[in-house]
Amino acid sequence: MLADVQSTLVTALAAITTRVYRTQAEENAVAPYAVWTIVSAVPENQISGAPETDNSRIQCDFYSLSQSQSRQMCQAAQDAIEATNANVIFGPTETRESDTKLWRWSFDSSYWTSR
């Protein structure tokens, strides 16, 4: 699943950036870039045995000096993720980072994966 998230975002954003980070961007990362992180991972427990699937909530953030570019990155990633075995469950939302002055668009998605 983790490789799927990374590769989906890299492919979706290839026309804009190749900088896609897991959990945290590099110090002094050059915008535009994306960051994704696992917010939660929950097994689908069952009485009859070990879980066969997991549900993971993934947060994706898209940073740019340009508000429209940040939104464009978010939309491209959302379209790509929704074409896989995931659904967007929160967002997109927009903020501006006070310290870096970067625009950030974000959404959370839910991934179901087999073990």
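The values are calculated or read from the model by the stated rules, or taken from the named source; none is laboratory data. Everything numeric here is computed off the predicted structure, so don't read it as measured data. Neighbour counts run over all protein chains shown; Cβ positions are idealised from the backbone, glycine included.
Does Trp105 meet the test of being in contact with a Gly (Cβ under 9 Å, 6 or more places away or on another chain), modelled with pLDDT of 95 or more and not basic (Lys, Arg)? Spell out the reasoning first.
Numbers: in contact with a Gly (Cβ under 9 Å, 6 or more places away or on another chain): yes; modelled with pLDDT of 95 or more: yes; not basic (Lys, Arg): yes.
Answer is yes for this residue.
Got at least one residue in the stretch 40-55 being within 11 Å of the chain's Cα centre (by Cα), of a type in the set (Val, Ile, Thr) and at negative phi? Walk me through it before giving the result.
Quick first cut of the stretch 40-55, residues within 11 Å of the chain's Cα centre (by Cα) only: none.
No, because not a single residue in the stretch 40-55 is within 11 Å of the chain's Cα centre (by Cα), of a type in the set (Val, Ile, Thr) and at negative phi.
Would you point out which residue out of Val10, Val88, Val35 is of a type outside the set (Asp, Glu), surrounded by 13 or more Cβ atoms within 10 Å (Cβ to Cβ), in contact with a helix residue (DSSP H, G or I) (Cβ under 7 Å, 6 or more places away or on another chain) and free of Cβ contacts under 8 Å to residues at least 40 places away in the same chain?
Sole residue among the options that is of a type outside the set (Asp, Glu), surrounded by 13 or more Cβ atoms within 10 Å (Cβ to Cβ), in contact with a helix residue (DSSP H, G or I) (Cβ under 7 Å, 6 or more places away or on another chain) and free of Cβ contacts under 8 Å to residues at least 40 places away in the same chain: Val88.
Suppose the filter is among the polar types (S, T, N, Q) and either at pLDDT 95 or above or in contact with a Gly (Cβ under 8 Å, 6 or more places away or on another chain) (or both); does Ser68 pass it? Reasoning before the result, please.
Numbers: among the polar types (S, T, N, Q): yes; either at pLDDT 95 or above or in contact with a Gly (Cβ under 8 Å, 6 or more places away or on another chain) (or both): yes.
It is true that Ser68 is among the polar types (S, T, N, Q) and either at pLDDT 95 or above or in contact with a Gly (Cβ under 8 Å, 6 or more places away or on another chain) (or both).
For every residue, the table says whether it meets (1) of a type in the set (A, V, I, L, M, F, W, C); (2) closer than 13 Å to Ala77 by Cβ.
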position: Ser7; (1), (2): no, yes
position: Ala12; (1), (2): yes, yes
position: Ile16; (1), (2): yes, yes
position: Gln24; (1), (2): no, no
position: Ala31; (1), (2): yes, no
position: Ser40; (1), (2): no, no
position: Asn45; (1), (2): no, no
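Does the stretch 101-108 contain at least one residue that is in a loop (DSSP other than H, G, I, E, B), within 30 Å of Asn28 (Cβ to Cβ) and touching a residue at least 24 places away in the same chain (Cβ under 8 Å)?
Within the stretch 101-108, the subset in a loop (DSSP other than H, G, I, E, B) is 101-102.
After this cut, where a residue has to be within 30 Å of Asn28 (Cβ to Cβ) as well, the list is 101-102.
Within this subset, residues satisfying the condition of being touching a residue at least 24 places away in the same chain (Cβ under 8 Å) are 101-102.
Yes, the stretch 101-108 contains a residue that is in a loop (DSSP other than H, G, I, E, B), within 30 Å of Asn28 (Cβ to Cβ) and touching a residue at least 24 places away in the same chain (Cβ under 8 Å).
Could you please find all residues in the stretch 27-60 being at pLDDT 95 or above and of a type in the set (Asp, Glu)?
Those that are at pLDDT 95 or above and of a type in the set (Asp, Glu): none in the stretch 27-60.
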